[in-house]
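Structure, as structure tokens:
The values are calculated or read from the model by the stated rules, or taken from the named source; none is laboratory data. This one's a predicted model, so the numbers in the text were calculated from it and none came from an experiment. Cβ atoms come from the backbone with ideal geometry, glycine included; neighbour counts cover every protein chain shown.
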């Protein structure tokens, strides 16, 4: 039974790895403080809630809907539109909801080529009947239905109106708690704000910043698995591509403290329209080559340039409507 004095909150998980659900649990003891202040009216991954439970609620009766994951299936579209109708505030939580994240790299391929590879051609697949998923199947037990696989993965705000964003893959407990405290404070920032994170680049607050040379000059980018980086020296100074200079801070540099360069999961800073374009501009500025062949050689040392600069943001990029989908 819900309390009339508590804030009513809904959580929902679309196309993602489940890490954002774990991030909520990672609040630890602080989770109990949150639960004291809220009534959870929908969280199907944790409790036995049904879509019908939300449909029965009055429009606007949910105070905050916190939604993670990108929109890849028709069911995702249906549920997030329902939650938008029932909620006063909608929060895109985590990189998949905010920018599409790694699942949106599939937007480089057509829907048919994805299905063809996954169910017919992948090395581990044994499918002698060449059976592909069907949206509708009639059986003796009745009609069965699967959600439709959409042509591309979309960010949450490409499907519904979003009020606030919480970045990260996944958001850290500190960022999550700060965002929730802001939402519960009654003193809300302007619509469209990023909650819980910094407005400064990660590089500015990184503990290795003092070891970064004033001018970077890289002729070859190294890959992290080929050597053990010096944990006390800027990764860029060691030839590793680190996205810290173009990525929003607030994550407490957890990857860098684990001796891995930043890959950009906290997304772009304010007023940056396309993270990948900004990242490419940064990369171009540190390449130490004088001729076209040398530039190509240096860029070629990045194993997957598109995957590197658009790892978390392809669905939100300016390219999203002009990508030529690969077949086969």
Inspect all residues belonging to segment 279-296 and state whether any of them is free of Cβ contacts under 8 Å to residues at least 60 places away in the same chain, surrounded by fewer than 19 Cβ atoms within 10 Å (Cβ to Cβ) and touching a strand residue (DSSP E or B) at 6+ places or on another chain (Cβ under 7 Å). yes
What tally of residues in segment 157-198 results from selecting those that are farther than 14 Å from residue 91 by Cβ, touching a helix residue (DSSP H, G or I) at 6+ places or on another chain (Cβ under 8 Å) and not in a helix (DSSP H, G or I)? 4
Answer yes if at least one residue in segment 7-30 is at pLDDT below 95, assigned to a helix (DSSP H, G or I), surrounded by fewer than 16 Cβ atoms within 10 Å (Cβ to Cβ) and over 24 Å from the mean Cα position of the chain (by Cα), and no otherwise. yes
Counting only residues that are modelled with pLDDT of 95 or more and part of a loop (DSSP other than H, G, I, E, B), which one in segment 303-316 is nearest to residue 226 (Cα to Cα)? 311
Does segment 36-46 include one or more residues that are surrounded by 17 or more Cβ atoms within 10 Å (Cβ to Cβ), in contact with a strand residue (DSSP E or B) (Cβ under 9 Å, 6 or more places away or on another chain), part of a helix (DSSP H, G or I) and assigned by TED's automatic domain parsing to the domain that holds residue 86? no
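Restricting the search to segment 244-254, which residues are in contact (Cβ under 8 Å) with a residue 60 or more places away in the chain and in a loop (DSSP other than H, G, I, E, B)? Step through it out loud before you land on a result.
Looking only at segment 244-254, we keep the residues that are in contact (Cβ under 8 Å) with a residue 60 or more places away in the chain, and these are 248, 250-252, 254.
Selection gives 250, 251, 252.
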Subset of segment 214-230, residues over 27 Å from the mean Cα position of the chain (by Cα) and surrounded by 12 or more Cβ atoms within 10 Å (Cβ to Cβ), comes to 216, 218, 219, 220, 230
Of the residues 243, 260, which single one is more than 25 Å from residue 92 (Cα to Cα) and modelled with pLDDT of 95 or more? 260
So, in segment 129-144, of the ones that are surrounded by 10 or more Cβ atoms within 10 Å (Cβ to Cβ) and assigned to a strand (DSSP E or B), which residue ends up nearest to the chain's Cα centre (by Cα)? 144
Scan of segment 200-234 for residues that are under 19 Å from residue 278 (Cα atoms), part of a loop (DSSP other than H, G, I, E, B) and in contact (Cβ under 8 Å) with a residue 12 or more places away in the chain, ordered by number: 200, 216, 217, 221
Collect the residues in segment 255-278 that are under 15 Å from residue 207 (Cα atoms) and outside any loop (DSSP other than H, G, I, E, B), keeping them in residue-number order. 255, 256, 257
